[in-house]
1. Can you tell me which residue in the stretch 20-65 is surrounded by the fewest Cβ atoms within 10 Å (Cβ to Cβ), limited to those that are under 22 Å from residue 232 (Cβ atoms) and modelled with pLDDT under 95?
2. So, in the stretch 237-264, exactly how many residues are in a helix (DSSP H, G or I) and either closer than 30 Å to residue 62 by Cα or modelled with pLDDT under 95 (or both)?
3. When you go through 143, 160, 185, 194 one by one, which is the residue that is surrounded by fewer than 20 Cβ atoms within 10 Å (Cβ to Cβ) and under 18 Å from the mean Cα position of the chain (by Cα)?
4. Please specify each residue of the stretch 107-132 satisfying the condition of being within 18 Å of the chain's Cα centre (by Cα) and at pLDDT below 95.
5. Look at the stretch 226-236 and say how many of its residues are within 16 Å of the chain's Cα centre (by Cα) and in a helix (DSSP H, G or I).
6. Quick check on my filter: what residues within the stretch 159-179 are assigned to a loop (DSSP other than H, G, I, E, B) and either within 21 Å of residue 194 (Cβ to Cβ) or out of contact with any helix residue (DSSP H, G or I) (no Cβ under 6 Å at 6 or more places or on another chain) (or both)?
7. Hey, among 205, 216, which residue is surrounded by fewer than 23 Cβ atoms within 10 Å (Cβ to Cβ), under 17 Å from residue 255 (Cα atoms), in contact with a helix residue (DSSP H, G or I) (Cβ under 6 Å, 6 or more places away or on another chain) and in contact (Cβ under 8 Å) with a residue 24 or more places away in the chain?
8. Scan the stretch 57-74 and tell me whether some residue there is in contact with a strand residue (DSSP E or B) (Cβ under 6 Å, 6 or more places away or on another chain), over 30 Å from residue 250 (Cβ atoms) and assigned to a helix (DSSP H, G or I).
């Protein structure tokens, strides 16, 4: 049985930290680690910098309270809006607080926004990874086009960046895989400066499409893909149930094997790749 590291679990907004409830459920269903994505940035506060800072400090504090005494099993990931005026300072403060990496959703801007690019570079310079939402965004905004995978080609200009596109960029899964291939093409190019893309398999993909997506990833077999697929469930802390994560892990295991991957690759997808992506060690 593979170890399980769910790299995509959301903290509900303003939720009081309850780490023991999560850890008990993880123990019951044999989940080793969970990456907890901090509460959303509050876009309505952007014009009031003091209010925005107060809110961001509070959600960073709650993220630490969720994770600090979990013996490394609940991994803190700070959710940052890279176009906020003090985003650079937020990134540095999150790393100082022990966050393992960052989550970004481009809700109001394209990934290559000139305000965001220096923030990505600073995060890379700090040695931390970024998990980007990619694909259709199921909210009430007109923002799907911000999150098409080709828009993330801008990250080729960020030295030492390590990032993942979540949800296999559903419904643009072929485009996601093509962008991954483009990043691997950099490896033999003079402009390569350690820019590495990963693919977060978190659904995303409806079950009726999922096997086809995994088959395609296997058959295309771009360089290094076996070391750069991540497992996630898209669970939320408020309704957290280790059984839900374990069921997704079981489904993905069966589909990965059916696609043609061996058990060693399954073990990487379910655990090892996430450890490497977030820069963790057992």
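1. 40
2. Of all residues in the stretch 237-264, those in a helix (DSSP H, G or I) come to 237-239, 242-259, 263-264.
Still in the running and either closer than 30 Å to residue 62 by Cα or modelled with pLDDT under 95 (or both): 237-239, 242-249.
Final tally of qualifying residues: 11.
3. Exactly one of 143, 160, 185, 194 is surrounded by fewer than 20 Cβ atoms within 10 Å (Cβ to Cβ) and under 18 Å from the mean Cα position of the chain (by Cα), namely 160.
4. 107, the sole residue that qualifies.
5. Residues flagged as within 16 Å of the chain's Cα centre (by Cα) and in a helix (DSSP H, G or I) within the stretch 226-236 amount to 1.
6. If the condition is that a residue be assigned to a loop (DSSP other than H, G, I, E, B) and either within 21 Å of residue 194 (Cβ to Cβ) or out of contact with any helix residue (DSSP H, G or I) (no Cβ under 6 Å at 6 or more places or on another chain) (or both), then 159, 160, 161, 170, 171 are the ones that fit.
7. Within the list 205, 216, the selection yields 205.
8. no
The values are calculated or read from the model by the stated rules, or taken from the named source; none is laboratory data. What you are looking at is a predicted structure, and each value in this text was computed from that prediction instead of being measured. A quick note on method: Cβ atoms are made from the backbone with ideal geometry, for glycine too, and the neighbour counts reach across all protein chains shown.
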